[in-house]
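**Student:** Dropping a structure here in structure tokens format, bear with me for questions.
Readers should treat all values here as calculations from the given coordinates under stated rules, not as data from a laboratory. Note that the structure is a prediction, hence the values are computed from the model and not measured. Quick reminder, even Gly has a Cβ in these numbers, built from the backbone with ideal geometry, and neighbours come from all protein chains shown.
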Amino acid sequence: MIFSNASLKNYNTFGLDYKANGLVIIKSEEEAVSLVLEHNELIGPVLVLGGGSNILFTGDYNGTILHPEIPGIKIREKEGNQVVISAGAGVKWDDLVDWTVKNDFYGLENLSLIPGTAGAAAVQNIGAYGAEVKDYIFKVRCLSLSDASVMEFTNQECRFSYRNSIFKQEIKGHFLISEVFFRLSLKPTLNISYGSLQKEAENIGKLSQKTIRQAVINIRTSKLPDPSITGNAGSFFKNPVISGEKAENLQKKFPSIPQYRESSGETKIAAGWLIDQCGWKGKRIGDAGVHEKQALVLVNYGNASGREILDLSEMIRGSVYEKFGIDLEREVEVI
Ligand SMILES: Cc1cc2nc3c(=O)[nH]c(=O)nc-3n(C[C@H](O)[C@H](O)[C@H](O)COP(=O)(O)OP(=O)(O)OC[C@H]3O[C@@H](n4cnc5c(N)ncnc54)[C@H](O)[C@@H]3O)c2cc1C
């Protein structure tokens, strides 16, 4: 299905009402292949857009948006204690997690309730509550937007790192992910490394995959704004990773600064804390604001423009740099 001069309001979780020259809904990999081969359907630059939950539009998009709605969750093979499953790029991420939990396939439960699609999960290497999807992705199937050739990237070839992958770097914008394959455990294995997760789960019932999923859902709904009510894209900035030496110096000046030692020897700092310390939590400029419970989340209270949200983010970035000497990197992609 191809729409011209299409509204993007329902295609981005900030709820911004910009337009794209063209919007193409793609229901299968074959459809995507024919579209690319009949290239003249595409007007101007091309952007692949999933649920728009990690995107900030700052104006109309003068090009064509490809929106994969490729469905389907399949069991591909079972071997020993492991199962390989696949999900079409358009599968809602949390529907996939729900399905794995109902089938007793272990691994994705800590990533419950993250908005967006299965395809984008591989782009961003989504992570939460002590888990990252890179530890479960087996391979990613894509098609080239220049010649429609289909190819598969192994986990290693995806070059995953913190909220990052090859799809955001070297080959950004060149491929449409059609399907993602995951390797999950058939043997009960629970990840309770995150702070209060075990306690939350045990408040619900006996510690299990299902209570972990419910605990994650409860924590997330109590802390994060629901984009269907208040426009937002989750964490606006990444947690900065700095050298051990810089972290030690900062700790001398700010003894309560939350720090997490990485296996690389570097230190991850909580960006939300830095922003909060600069006095931004709950602040609002017009309809663009900083969420009152989570300073890392910027919100659209109704009629903010993308530019106003971006300007607010730049003010935050400036004050964090001034106070702590740390330059925050955006997690959200600005278009
Ligand atoms: C309330 C809230 C909470 C959130 N919490 C978390 C969290 O805990 N952890 C976390 O990691 N993220 C979180 N996010 C961010 C977001 O949900 C994830 O980044 C998600 O994976 C984005 O999915 P999407 O389908 O909306 O992608 P989009 O925002 O549509 O796109 C993101 C990027 O992926 C590309 N892309 C999308 N689909 C494809 C495809 N099929 N092929 C090729 N490229 C593609 C786009 O071009 C873009 O570069 C949160 C967001 C919100 C709104």
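**Student:** Using a simple charge model, +1 on the beta-carbon of Lys and Arg, -1 on the beta-carbon of Asp and Glu, nothing else, what dipole does the chain show about its Cα centre, in debye to the nearest 20?
**Tutor:** Dipole magnitude for the chain comes out near 1040 debye.
**Student:** Treating the beta-carbon of each Lys and Arg as +1 and of each Asp and Glu as -1, no other charges, what is the dipole magnitude of the range 73-223 about its Cα centre, to the nearest 20 debye?
**Tutor:** 260 debye
**Student:** While we're on this one: Could you tell me whether the chain comes out rounded, prolate or oblate from its Cα gyration tensor? Rule is a ≥ b ≥ c as square roots of the eigenvalues, rounded for a/c under 1.5, then prolate if a/b exceeds b/c, otherwise oblate.
**Tutor:** Numbers: a/c = 1.67, a/b = 1.13, b/c = 1.48.
Oblate.
**Student:** Whole number please: convex hull volume per residue of the Cα set in the range 231-334, in Å³?
**Tutor:** Spelled out: Cα convex hull of the range 231-334, divided by residues, is 93 Å³.
**Student:** Check the straight Cα-Cα distances from residue 199 and name the lysines below 19 Å, setting aside those fewer than 8 residues away within the same chain.
**Tutor:** Straight-distance partners of residue 199: 210, 223.
**Student:** Normalised radius of gyration for the range 2-68, please: alpha carbon Rg relative to 2.2 N^0.38 Å, two decimal places.
**Tutor:** Cα-based Rg divided by the globular estimate yields 1.06.
**Student:** Sequence gap at least 6, Cα distance under 8 Å: using those rules, report the relative contact order of the chain to the nearest whole percent.
**Tutor:** Result for the chain is 16 percent.
**Student:** Still on this model: What length, rounded to one decimal in nm, is gained on full extension from residue 4 through to residue 322, with 0.36 nm per residue of separation minus their alpha-carbon distance?
**Tutor:** Values: separation 318, 0.36 × 318 = 114.48 nm, distance 4.46 nm.
Extending this stretch completely gives an extra 110.0 nm.
**Student:** Amide H neighbours of residue 117 under 5 Å, at least 5 residues apart or on other chains, H built in the peptide plane: list them.
**Tutor:** Those lying under 5 Å, H to H, from residue 117 are 51, 93.
**Student:** To continue, here is another question. Among the complete DSSP H segments of the chain, which ones combine at least 20 Å of alpha-carbon extent along their axis with a mean Kyte-Doolittle hydropathy of 0.5 or more?
**Tutor:** none
**Student:** Something else about it: Roughly how far apart, in whole Å, are the Cα centres of the range 109-153 and the range 176-201?
**Tutor:** Here the two parts' Cα centres lie 14 Å apart.
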